[in-house]
Amino acid sequence: MSSIKIECVLRENCRCGESPVWEEASNSLLFVDIPAKKVCRWDSLSKQVERVPVDAPVSSVALRKLGGYVATIGTKFCALNWEDQSVFVLAMVDKDKTNNRFNDGKVDPAGRYFAGTMAEETAPAVLERHQGSLYSLFPDHNVKKYFDQVDISNGLDWSLDHKIFYYIDSLSYSVDAFDYDLQTGQISNRRIVYKLEKDEQIPDGMCIDAEGKLWVACYNGGRVIRLDPETGKRLQTVKLPVDKTTSCCFGGKDYCEMYVTSARDGMNADGLLRQPDAGGIFKITGLGVKGIAPYSYAG
């Protein structure tokens with residue numbers, strides 16, 4: 001086991017940092033600050049950050065095959081042109097639920113953009129329950145709705161053989177799996193693969209590593225945990241110097257570094273004094289495992 005090193009590489013003071021995605025072409029980390037309504041790109045070589053403001057809470061960002069990015073903004077799937085900072089709406093969901101917004105999203109191995117919704121929070125993790133749904137935006141810009149009754153649609157990823165879809169609805173305090181049909185994008189046979197323990201708090205963002213194990217950021221738990229979805233066992237816990245760890249992804253050379261986003265909304269003055277890096281972006285090295293490259297939206 002190599003020695004694990006954790007550093008705050010960007011003190012961004014995100015109100016709620018989320019959706020880290022590595023862009024190999026630019027050696028950059030993309031992420032969002034949901035309530036601050038901005039998409040950010042941190043250049044790992046120059047250490048500079050570019051920020052693009054949008055007009056509603058932006059909950060996820062992803063790469064796009066055609067160039068630029070896609071993002072979930074409010075209840076819209078959008079294309080984002082980085083150069084001129086323009087946003088183009090591709091589709092809209094939950095038109096009947098005016099208090100809803102998208103939350104976490106990620107592109108599947110076939111280039112569909114999966115993302116789920118939730119009711120807007122009155123405080124972190126305090127909201128009207130069962131208002132959300134899970135959707136995907138197909139490359140032809142058609143939207144498929146999978147199911148509703150979701151509390152806080154959150155982390156998602158796919159098994160290395162593309163036969164299983166992993167998904168988190170945060171207030172179920174579990175990581176779930178579905179059978180997954182790559183050709184059609186259909187999911188079925190939902191089951192629980194891991195139930196979080198009390199001190200692990202709330203499951204948030206998630207990513208898979210090159211060994212097929214899942215990494216889950218635990219909101220209020222100040223950690224990322226590594227799970228074996230086949231045995232349902234936790235394999236590793238990595239604690240961070242902030243409580244509100246929100247999501248994680250692999251990046252850097254050969255995807256051997258992990259990047260973790262965090263939040264500061266909901267913390268009092270004393271908490272912020274004790275955790276000055278809350279809302280920062282963290283890099284974890286020495287995990288001894290690599291990740292895989294993110295997929296790009298095909299539309």
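At-a-glance table
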quantity	calculated
Residue that is nearest to Ser174 (Cα to Cα) [pool: residues in segment 124-161 that are open to solvent by 40 Å² or more (accessible area, probe 1.4 Å) and among the aliphatic types (A, V, I, L, M)]	Val126
Strands (runs of 3 or more DSSP E) contained entirely in segment 37-134, each with at least 3 residues that are touching a residue at least 12 places away in the same chain (Cβ under 8 Å) and under 21 Å from Asp204 (Cα atoms)	38-43, 58-64, 69-73, 100-107, 113-119
Check on Pro139, over 17 Å from Tyr297 (Cα atoms) and touching a residue at least 24 places away in the same chain (Cβ under 8 Å)	no
Matching residues in segment 7-26 - criterion: being open to solvent by 40 Å² or more (accessible area, probe 1.4 Å) and either within 16 Å of Lys290 (Cα to Cα) or among the charged types (D, E, K, R) (or both)	Glu7, Arg11, Arg15, Glu24
Lone unmet requirement of (1) touching a helix residue (DSSP H, G or I) at 6+ places or on another chain (Cβ under 9 Å); (2) over 16 Å from Val21 (Cα atoms) for Asp43	(2)
Scope segment 210-220; condition touching a Leu at 6+ places or on another chain (Cβ under 8 Å) and either of a type outside the set (A, V, I, L, M) or closer than 16 Å to Cys16 by Cα (or both); matching residues	Gly212, Lys213, Trp215, Cys218
Close pairs (6 angstrom Cβ cut-off, 6 or more residues apart or separate chains): within 9 Å of Ala263 (Cβ to Cβ) and part of a loop (DSSP other than H, G, I, E, B) in segment 11-35, polar (S, T, N, Q) and modelled with pLDDT of 95 or more anywhere	Ile34/Ser59
Selection count, segment 208-261, where residues are outside any strand (DSSP E or B) and at pLDDT 95 or above	19
Among the candidates Val260, Val224, Val238, Val242, residue that is crowded, with 17+ Cβ neighbours inside 10 Å, under 30 Å from Asn81 (Cα atoms) and either in contact (Cβ under 8 Å) with a residue 60 or more places away in the chain or over 15 Å from the mean Cα position of the chain (by Cα) (or both)	Val260
Per-region count, segment 144-203, residues in contact with a His (Cβ under 8 Å, 6 or more places away or on another chain), of a type outside the set (Ser, Thr, Tyr) and either part of a strand (DSSP E or B) or farther than 16 Å from Lys106 by Cα (or both)	4
Pair list, Cβ < 9 Å and 6+ apart or interchain, from segment 263-292 residues that are at positive phi and open to solvent by 10 Å² or more (accessible area, probe 1.4 Å) to residues that are assigned to a loop (DSSP other than H, G, I, E, B) and among the β-branched types (Val, Ile, Thr)	Gly286/Ile4; Gly288/Ile4
Subset tally (residues that are open to solvent by 20 Å² or more (accessible area, probe 1.4 Å) and touching a Phe, Trp or Tyr at 6+ places or on another chain (Cβ under 9 Å)) for segment 87-123	6
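The values are calculated or read from the model by the stated rules, or taken from the named source; none is laboratory data. From a predicted model like this one, the values you see are computed outputs, not experimental measurements. Positions of Cβ are generated from backbone atoms using ideal geometry, with glycine treated the same way; all protein chains shown enter the neighbour counts. We work out accessible area using only protein heavy atoms, side chains counted, and drop any ligands, DNA or RNA first. Shrake-Rupley method; radii C 1.70, N 1.55, O 1.52, S 1.80 Å.
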